[in-house]
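Taken together, the values in this text are just the output of simple stated rules run on the coordinates, not laboratory data. Predicted, not measured: the structure shown is a model, and the values here were computed from it. Note: ideal-geometry Cβ built from the backbone for every residue, glycine included; neighbour counts use all protein chains shown.
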């Protein structure tokens, strides 16, 4: 499949007359998120008829919109010699099996030893527009293992971010929950926001800065003490799966924040694993899908809980 070629000049068709400038451009350029388009407009890199406009400018039929996207900059983040478990790599993309305990990018309390540091050592030629989290298109909680996508170029990063924003990336997790989940499958539709009593936590909220959050689950196996769930989040909110399962009164096993860390399965971190992912390649548009088996600690916990761990090793 041929690489996608994105135009740098857009002519407004009649059917788009009156649309917001930022919405029109992001709709025409699937590699650019609306937020990034707004940044470009604010910096004067997107002009209408040779003049700078505001993001809410109403475009008119026949107008010429020129995009002058600046080249990406080298990151100042330090490269660190940390081993990576690579599932796939090409000139635009890395698919990484992130271990539990690794933070995606530097943050307060975690200035180094992150996936971003490791990626820069592996691919020092990579350039992206974000110096703090180069190439990181999405994230996993520190103690969640599994698949992450990392872009090696700025264009690939924008394309992946656009797919995540449009909910075109399909993610599947494995979660072991406390208790017998008797509903074979279901949908949790409960908005999330910062916990008003603990700003370090997320909670289901119905007012303030709540954001929609939807989680689909299916029971793969269950007994009186535990339920093994296949989780497919339709949205990607912080701690979404963990908060939603706690809301069902079936918290993730060993989740010290939304449940309890103490367990009889030998786990020292929550049983949550990013098992599968499907998306369009950020350059070619080709359909891509990857799957990775849960690590040894989760496999052992499954056996301890009385479930078949071998089925996930294929």
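Rounded, prolate or oblate, given the Cα gyration tensor of segment 237-313, with a/c below 1.5 counting as rounded? Cα axes put segment 237-313 in the oblate bin. Rounded, prolate or oblate: pick one for the chain, where a ≥ b ≥ c are the square roots of the eigenvalues of its C-alpha gyration tensor, a/c under 1.5 means rounded, and failing that, prolate if a/b is larger than b/c, else oblate. Cα axes put the chain in the prolate bin.
For segment 220-314, the relative contact order works out to 16 percent when only alpha carbon pairs closer than 8 Å and six or more residues apart are counted.
Once C-alpha pairs closer than 8 Å and six or more residues apart are averaged by separation and normalised to the residue number of segment 86-165, the relative contact order reads 36 percent.
With neighbours defined as other Cβ atoms within 10 Å of a residue's Cβ, the residues 265, 298, 245 order from fewest to most as 265, 298, 245.
Helical runs assigned H by DSSP (4 residues or longer) give the chain a calculated mean residue ellipticity at 222 nm of -5000 deg cm²/dmol, each run adding -39500 (n - 2.57) before division by the residue total.
Which order do the peptides 112-118, 14-20 come out in when sorted by mean C-beta neighbours inside 10 angstrom, highest first? Let's see the in-between values first.
Details: 112-118: 20.0, 14-20: 13.0.
For the peptides 112-118, 14-20, the packing ranking is 112-118, 14-20.
Computed from Cα atoms, the angle from the helix 154-165 axis to the main principal axis of the chain rounds to 60 degrees.
Averaging the Cα positions of each part gives two centres, and for segment 260-314 and segment 196-241 these lie 17 Å apart. The antiparallel fraction among DSSP beta bridges confined to the chain stands at about 95%.
Taking a ≥ b ≥ c as the square roots of the eigenvalues of the Cα gyration tensor of segment 86-165, is the shape rounded (a/c under 1.5), prolate (a/b larger than b/c) or oblate? Because its axes are fairly even, with a/c under 1.5, segment 86-165 counts as rounded. In degrees between 0 and 90, to the nearest 10, how far off the longest principal axis of the chain does helix 296-305 point, with axes built from Cα atoms? Tilt relative to the chain: about 50 degrees.
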